[in-house]
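The values are calculated or read from the model by the stated rules, or taken from the named source; none is laboratory data. These numbers were taken from a predicted model, which means no experiment stands behind them. Here the Cβ is made from the backbone with ideal geometry for all residues, glycine too, and neighbour counts use every protein chain on show. Heads up: the accessible areas ignore ligands, DNA and RNA and are worked out on the full protein's heavy atoms, side chains in. Shrake-Rupley method; radii C 1.70, N 1.55, O 1.52, S 1.80 Å.
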Amino acid sequence: MSFLSIQDLTVQLKNGMPLLRHVSLDVAPGEVRALVGESGAGKSMIGKAVLGILPKAARLTGGKILLDGEDLQTLSQKARRQRIGARAALIPQDPLTALNPSRRVGPQITDRLVDILGWKRPDAEKRALELLEEVHIQSPDRVMKAYPHELSGGMRQRILIASAFAAEPKLIIADEPTTALDVTVQKQILKLIREMQQRHGTALLFVTHDLGVVSKIAQSLTVLYAGKVIEETTVKDFFAAPSHAYSKALLAATPKYTDPQGSLTPVPESVITAVEAEVAAFDEQARAGTRP
Amino acid sequence: MRDARGNIRRLPGIRLWLSGGWLTFLVLAAIFAPLISPHDPLAQDLFAGRLPPFFEQGADPAYLLGTDSLGRDVLSRMLYGARLALIVALVAGTLTCLIGASLGLIAGYYRGWVDLVISRFIDIWMAFPPVLFAILLIAVLGTGLMSVIIAIVVIDWTRFARVVRAEAMGQGAMDYVASAQVAGRTRFGTALTEILPNVLPTIVALLTLEMGIAVIVEAILSFVNLSISTDQPTWGGMIAEGRTSIYQAWWVLVFPLFALFLTVLSFSQLGEGLKDHFDPVLR
Ligand SMILES: Nc1ncnc2c1ncn2[C@@H]1O[C@H](COP(=O)(O)OP(=O)(O)OP(=O)(O)O)[C@@H](O)[C@H]1O
Ligand SMILES: [Mg+2]
């Protein structure tokens, strides 16, 4: 049984423009699934739909999101917020805007424990200190009392990771958690996320556009193009032989770790045309109601 | 002093001290006006009319800043005038801020139809020319302290609403607001802990600015004889009276004008200083 099961999810803008096209995707307990695709493919939108934070302009118009077997759409808004808060968490992309600049770090970590799990403040603070140590922060006491701007980007991302794991969620969605950091810090943060995920046995939906990262952290992956799932497979099979032409081109466009300076082929025009045609045909079928 | 990153902290600026000093002095003067005023501000003495201030030829040491054409003591009248100026500043400023900032926060954070209604309302409201609007209001409400305060609130709440709405909207798009919602915060709770503290520096700056504006508006209304009843000394009223005898007794006009200028300047400087003080990144 998967912990997160997205079935036939459709998200549209208010004007009817589709952002997600009948997306299905599963993450088993303890599994790491990578979600890849170029910028604008709708990767973040999937995460937002699951966490119930879709932008005002977008609307969920079809499909189901099951979290631990429970259909989120059937719940009242309050119950949904409660369930999501207790079972899932987000590691955001940009550590600069993900912490409130006018609040100290400590309460921003303990909020979740107090709000959702009903802990007492002192207990929550003790737990926050432990978590900060777990993400290898040197002087947790001092960091708890600091304002975000007093800390480096890497440090802030560590805090956000600690905060995501605070309530022991069974699912974490990491939305390009290393993109905003410089290369040396990227590696440390990636290692940390992996380490925390394995220790806590958390299911992880790892959003990235970097296939190099995928092989290091994930077991399975979903390739997205224009809000449509193009390929869904294991990481091993994907790197051995991607089945879709777009996936092949995407792989060819990724620098190899063995040869980072090697020649890269951008995704060819013909492949883009083919996949666009496929998406258009898919839309046509969906409209006619003949989609299998 | 050094902060966590080893940067030298900025000392609270000199302008914060100067403006704060003048306003503190003014508050004390207003509170203790009956005790420290050398004369009754309304008492006329036609034999002591247009006495110059102490540093001029022919001054009477009993009238430090001189007298007006009716022989009333300028210093005493200014001290009592400070009372009215400050009451208007505090009450009108605070009320304007509460009403405007709340509406702006609601519109900017909740968006949707609430925002639509409030924003349209602001647009329509701002189409009225403010001075005309004020005079019209006083004409309807009648003169008096309450009318002046109401006029200021009614005209100026849009200043807060517009700015706070824009800032709240920017805050609402931040990742930490989304994170707070994922972490189970209610929308109202999010507005209080995530949005408000970040908009607060701006609100504080606007509030002090508004207090300065309230002092000016009160003075303007007094000047055109539409403010508090004429038997109470106000700075605006003194300036209006002094204008007619500017060549014979410049001090009747200049001293209250100077007090008015210093006060308005101090309010705006205080606002700028406090804004930095409240901003965690600049602090
Ligand atoms: N608030 C919004 N209003 C309207 N359209 C939006 C909004 N947010 C995103 N979109 C659109 O939804 C589509 C998917 O966006 P999304 O952020 O999910 O892309 P992404 O795959 O995460 O890309 P990136 O790698 O750049 O983060 C894009 O075409 C984007 O323009
Ligand atoms: Mg994204």
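Of all the numbered requirements in (1) in a loop (DSSP other than H, G, I, E, B); (2) more than 9 Å from ligand 1 (Cβ to nearest atom); (3) open to solvent by less than 30 Å² (accessible area, probe 1.4 Å), residue A:89 misses one, and that requirement is (1).
Scanning region B:162-216 for residues that are more than 19 Å from residue B:89 (Cα to Cα) and of a type in the set (Val, Ile, Thr) turns up B:163, B:164, B:177, B:182, B:186, B:190, B:193, B:195, B:199. Residue-level analysis places residue A:216 outside the set of residues that are in contact (Cβ under 8 Å) with a residue 40 or more places away in the chain, in contact with a Lys or Arg (Cβ under 9 Å, 6 or more places away or on another chain), open to solvent by 10 Å² or more (accessible area, probe 1.4 Å) and more than 16 Å from ligand 2 (Cβ to nearest atom).
Matching residues to (1) away from chain A (no Cβ under 14 Å); (2) over 26 Å from the mean Cα position of the chain (by Cα); (3) free of Cβ contacts under 8 Å to residues at least 24 places away in the same chain:
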| site | (1), (2), (3) |
| --- | --- |
| B:161 | yes, no, no |
| B:167 | no, no, no |
| B:178 | no, yes, yes |
| B:183 | no, yes, yes |
| B:203 | no, no, no |
| B:214 | yes, no, no |
| B:217 | yes, no, no |
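Take the conditions more than 29 Å from residue A:279 (Cβ to Cβ) and away from ligand 2 (no atom under 16 Å from the Cβ) and apply them to residue A:185. Does it pass? Spelling it out, residue A:185 is indeed more than 29 Å from residue A:279 (Cβ to Cβ) and away from ligand 2 (no atom under 16 Å from the Cβ).
If you go through region B:223-242 and keep only what is hydrophobic (A, V, I, L, M, F, W, C) and closer than 15 Å to residue B:69 by Cα, you end up with B:238, B:239, B:240.
Evaluate region A:166-175: report whether one residue or more is assigned to a helix (DSSP H, G or I), more than 19 Å from residue A:53 (Cβ to Cβ) and away from ligand 2 (no atom under 16 Å from the Cβ). Within region A:166-175, not a single residue is assigned to a helix (DSSP H, G or I), more than 19 Å from residue A:53 (Cβ to Cβ) and away from ligand 2 (no atom under 16 Å from the Cβ). May I ask you to verify whether residue A:50 is within 15 Å of ligand 2 (Cβ to nearest atom) and more than 24 Å from residue A:212 (Cβ to Cβ)? So residue A:50 passes the test.
Only residues that are within 14 Å of chain B (Cβ to nearest Cβ) and more than 7 Å from ligand 1 (Cβ to nearest atom) were counted across region A:31-51, and they come to 5. Looking only at region A:47-64, filter to residues that are among the charged types (D, E, K, R) and within 20 Å of residue A:87 (Cα to Cα); which one of those is surrounded by the most Cβ atoms within 10 Å (Cβ to Cβ)? So, considering only residues that are among the charged types (D, E, K, R) and within 20 Å of residue A:87 (Cα to Cα), the one surrounded by the most Cβ atoms within 10 Å (Cβ to Cβ) is A:48. Among the candidates B:81, B:108, the residue that is closer than 20 Å to residue B:158 by Cβ and buried (at least 18 other Cβ atoms within 10 Å of the Cβ) is uniquely B:108.
Within the span defined as region A:65-75, every residue fails to be within 16 Å of ligand 2 (Cβ to nearest atom), open to solvent by 40 Å² or more (accessible area, probe 1.4 Å) and either aromatic (Phe, Trp, Tyr) or in contact with a Phe, Trp or Tyr (Cβ under 9 Å, 6 or more places away or on another chain) (or both). Can you tell me which condition residue A:148 does not meet? The list is (1) within 16 Å of ligand 2 (Cβ to nearest atom); (2) over 14 Å from the mean Cα position of the chain (by Cα); (3) open to solvent by less than 20 Å² (accessible area, probe 1.4 Å), and all the others hold. Of (1) within 16 Å of ligand 2 (Cβ to nearest atom); (2) over 14 Å from the mean Cα position of the chain (by Cα); (3) open to solvent by less than 20 Å² (accessible area, probe 1.4 Å), only one is false for residue A:148: (1).
Within region B:237-252, does at least one residue satisfy the condition of being of a type outside the set (Val, Ile, Thr), part of a helix (DSSP H, G or I) and farther than 28 Å from residue B:51 by Cα? No, region B:237-252 contains no residue that is of a type outside the set (Val, Ile, Thr), part of a helix (DSSP H, G or I) and farther than 28 Å from residue B:51 by Cα.
Residues checked against (1) at pLDDT below 95; (2) open to solvent by 40 Å² or more (accessible area, probe 1.4 Å); (3) in a strand (DSSP E or B):
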position	(1), (2), (3)
A:7	no, yes, yes
A:10	no, no, yes
A:15	yes, yes, no
A:20	no, no, yes
A:25	no, no, yes
A:29	no, yes, no
A:35	no, no, yes
A:38	yes, yes, no
A:45	no, no, no
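With the condition kept exactly as written, say whether any residue in region A:98-112 is open to solvent by 50 Å² or more (accessible area, probe 1.4 Å), within 16 Å of ligand 2 (Cβ to nearest atom) and among the aliphatic types (A, V, I, L, M). No, region A:98-112 contains no residue that is open to solvent by 50 Å² or more (accessible area, probe 1.4 Å), within 16 Å of ligand 2 (Cβ to nearest atom) and among the aliphatic types (A, V, I, L, M). All of A:99, A:75 fail the test of being among the aliphatic types (A, V, I, L, M), without any contact (Cβ under 8 Å) to a residue 60 or more places away in the chain and closer than 20 Å to residue B:184 by Cβ, apart from A:75. Each residue in region A:66-94 was checked for being touching a helix residue (DSSP H, G or I) at 6+ places or on another chain (Cβ under 9 Å) and at the interface with another protein chain (Cβ under 9 Å from one of its Cβ atoms), and 11 pass. Out of the residues in region A:147-179 that are within 11 Å of chain B (Cβ to nearest Cβ) and within 16 Å of ligand 1 (Cβ to nearest atom), state the one that is modelled with the highest pLDDT. Residue satisfying both the conditions and the ranking: A:173.
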